[in-house]
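Structure first, then comments.
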Amino acid sequence: MAVVLKTLSAVLFVCAVTCGCAATRTEVDATKLKAVEGIWATLPTYPGTVEVDSSRSSYEGRVWVEKNYKSDAPFDDIKRFYTEKLTQSGWQFVGERELKDRGRFRGEQLLEFRKDDFELDVQYAGGRKADLGWDYSIDITSH
């Protein structure tokens with residue numbers, strides 16, 4: 001009986017120490033959110049854009065912050081601006097692709113960048129501007 005109690009006590013002690021040292025998902029998400037917001041604080045905004053909406057979310061250890069903008073700027077100007085500014089700040093340009101909406105191309109474009117454990121996407125709404133309520137969307141995701 002004494003051996004069982006000693007073994008059970010040892011197991012409970014190990015569990016208590018292990019659980020007490022581990023960061024909770026909430027703490028990890030809060031740390032990642034702070035890092036993403038720090039990136040947002042240094043991110044340049046294309047001249048003349050107006051922020052119309054923003055959102056943030058966390059899911060399975062990833063944090064995501066998105067801001068949506070209205071602008072009359074052509075996509076090529078936005079692309080040139082963010083490609084230049086982000087690569088100067090150490091972001092790697094991953095690529096550009098056209099997005100489909102329900103199987104159709106409607107002029108939506110996506111620019112993808114990566115830096116350390118973060119991904120940054122610049123999306124042009126194309127023919128869906130009226131449906132979405134914004135022209136450009138920028139989101140930053142932690143990994």
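The values are calculated or read from the model by the stated rules, or taken from the named source; none is laboratory data. Keep in mind that this is a model prediction, so the values were computed, not measured. Virtual Cβ from ideal backbone geometry, glycine too; neighbours counted across all protein chains shown.
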### Query
For the stretch 33-61, what are the residues that are under 15 Å from the mean Cα position of the chain (by Cα) and of a type in the set (Val, Ile, Thr)?
VAL36, ILE39, THR42
### Message
Can you say whether ALA16 is in a helix (DSSP H, G or I), more than 30 Å from ASN68 (Cα to Cα), of a type outside the set (Lys, Arg) and at pLDDT below 70, as far as the supplied structure shows?
### Response
yes
### Task
State whether one or more residues within the stretch 82-96 are more than 20 Å from LEU43 (Cβ to Cβ) and either in a helix (DSSP H, G or I) or of a type outside the set (Ser, Thr, Tyr) (or both).
no
### Residue that is farther than 21 Å from ALA41 by Cα and in contact with a helix residue (DSSP H, G or I) (Cβ under 9 Å, 6 or more places away or on another chain), where the choices are GLY133, GLY103, GLY107
GLY107
### Task
Return a yes/no flag: does the stretch 27-44 have any residue that is among the polar types (S, T, N, Q), in contact with a strand residue (DSSP E or B) (Cβ under 6 Å, 6 or more places away or on another chain) and over 18 Å from HIS143 (Cβ atoms).
no
### Query
Quick one: is SER55 in a strand (DSSP E or B) and without any contact (Cβ under 8 Å) to a residue 24 or more places away in the chain?
yes
### Query
Any residue at all in the stretch 67-78 that is over 14 Å from the mean Cα position of the chain (by Cα), closer than 16 Å to ILE140 by Cα and surrounded by 15 or more Cβ atoms within 10 Å (Cβ to Cβ)?
yes
### Query
Restricting the stretch 51-66 to residues that are among the acidic types (Asp, Glu) and surrounded by fewer than 16 Cβ atoms within 10 Å (Cβ to Cβ), which is nearest to ASP117 (Cα to Cα)?
GLU60
### Query
Do we find that PHE118 is in contact (Cβ under 8 Å) with a residue 12 or more places away in the chain, surrounded by 15 or more Cβ atoms within 10 Å (Cβ to Cβ) and under 15 Å from ASP139 (Cα atoms) in this structure?
yes
### Answer from GLY107, GLY95 - the residue that is at positive phi, loosely packed, with under 13 Cβ neighbours inside 10 Å and in contact with a strand residue (DSSP E or B) (Cβ under 8 Å, 6 or more places away or on another chain)
GLY95
#### Entry: Residues located in the stretch 31-50, provided they are in contact with a Ser or Thr (Cβ under 8 Å, 6 or more places away or on another chain) and farther than 20 Å from GLU112 by Cβ
LEU33, GLY48, VAL50
